[in-house]
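Peer 1: Here it is: the structure, laid out below.
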């Protein structure tokens, strides 16, 4: 009889461990997918708004078997913090397509640098040297300096610039006394 009790206890422990692992994996998966700024159209103003989901809360709810998202931050807050959060429907519909990093990455895909005409690196390769943007006033800026809710109009008017040219042009702008322009020798 002692062996049967041990087998039953070990079996129940194994089932409980399996259920915990399954719930943990589901919670981590939802947490990872819920992270990051997203760009949506505000249902109230019909203008772009940058929102962020409560990733921790979504992960914990998924761990417990639920599946509810809510906003953690919005570019229209704190004035409109008590809104109905109807923009969540867009996030459910568009999925990862409304993530700012995916929107920016798609915009850079297939583009070449305004200055050197080399292809701009893929998003996955931006770990240390992300590309930049050339503003209409000829000043280069990092795309991270652009408020996400301004991305649609910025990406319409600005040009892509690779990291190396951004650094060179920034140095040229900040320290013109140290730059000597020489004609190209090609």
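The values are calculated or read from the model by the stated rules, or taken from the named source; none is laboratory data. Not measured: the values here are computed from a predicted model. Here the Cβ is made from the backbone with ideal geometry for all residues, glycine too, and neighbour counts use every protein chain on show.
Peer 1: Answer yes or no: is there a residue in the stretch 132-148 that is crowded, with 16+ Cβ neighbours inside 10 Å and more than 24 Å from residue 173 (Cα to Cα).
Peer 2: Of the residues in the stretch 132-148, the ones crowded, with 16+ Cβ neighbours inside 10 Å are 132-134, 140-141, 143, 146, 148.
Now drop any that are not more than 24 Å from residue 173 (Cα to Cα), which leaves 148.
Checking the stretch 132-148: at least one residue is crowded, with 16+ Cβ neighbours inside 10 Å and more than 24 Å from residue 173 (Cα to Cα).
Peer 1: Test residue 33 against the stated conditions and say whether it is over 28 Å from residue 158 (Cβ atoms), modelled with pLDDT of 75 or more and surrounded by 13 or more Cβ atoms within 10 Å (Cβ to Cβ). Can you show your working first?
Peer 2: Details: over 28 Å from residue 158 (Cβ atoms): yes; modelled with pLDDT of 75 or more: yes; surrounded by 13 or more Cβ atoms within 10 Å (Cβ to Cβ): yes.
Yes: the conditions hold for residue 33.
Peer 1: A further question follows. Do we find that residue 130 is within 16 Å of the chain's Cα centre (by Cα) and under 12 Å from residue 161 (Cβ atoms) in this structure? I'd like the intermediate steps shown before the answer.
Peer 2: Working: within 16 Å of the chain's Cα centre (by Cα): yes; under 12 Å from residue 161 (Cβ atoms): yes.
It is true that residue 130 is within 16 Å of the chain's Cα centre (by Cα) and under 12 Å from residue 161 (Cβ atoms).
Peer 1: How do the strands (runs of 3 or more DSSP E) wholly within the stretch 71-186 filter down when requiring 3 or more residues that are closer than 27 Å to residue 42 by Cα, assigned by TED's automatic domain parsing to the domain that holds residue 32 and modelled with pLDDT of 90 or more: which remain? Show your work before the answer.
Peer 2: Numbers: elements: 71-74, 132-134, 140-142, 159-161.
Output list is empty.
Peer 1: Please enumerate the residues belonging to the stretch 45-56 that are on the phi < 0 side of the Ramachandran plot, without any contact (Cβ under 8 Å) to a residue 40 or more places away in the chain and not in a helix (DSSP H, G or I). Show your work before the answer.
Peer 2: Here is the first cut: in the stretch 45-56, the residues on the phi < 0 side of the Ramachandran plot are 45, 47-56.
From the residues that got through so far, the ones that are without any contact (Cβ under 8 Å) to a residue 40 or more places away in the chain too are 45, 52-56.
If the condition is that a residue be on the phi < 0 side of the Ramachandran plot, without any contact (Cβ under 8 Å) to a residue 40 or more places away in the chain and not in a helix (DSSP H, G or I), then 45, 52, 53, 54 are the ones that fit.
Peer 1: List pairs: first in the stretch 17-32 and more than 22 Å from residue 52 (Cα to Cα), second modelled with pLDDT under 70 and in a helix (DSSP H, G or I), Cβ under 6 Å, 6+ apart or cross-chain?
Peer 2: Filtered contacts from the stretch 17-32: 23/63.
Peer 1: Name the residue, out of 117, 129, that is surrounded by fewer than 16 Cβ atoms within 10 Å (Cβ to Cβ) and touching a helix residue (DSSP H, G or I) at 6+ places or on another chain (Cβ under 6 Å).
Peer 2: Testing whether each residue is surrounded by fewer than 16 Cβ atoms within 10 Å (Cβ to Cβ) and touching a helix residue (DSSP H, G or I) at 6+ places or on another chain (Cβ under 6 Å) leaves just 129.
Peer 1: Where the second residue is in a loop (DSSP other than H, G, I, E, B) and modelled with pLDDT under 90 and the first is more than 17 Å from residue 111 (Cβ to Cβ) and lies in the stretch 143-156, which pairs have Cβ atoms under 6 Å and are six or more apart or on separate chains?
Peer 2: Going by the 6 Å Cβ cut-off, the qualifying pairs are 149/75.
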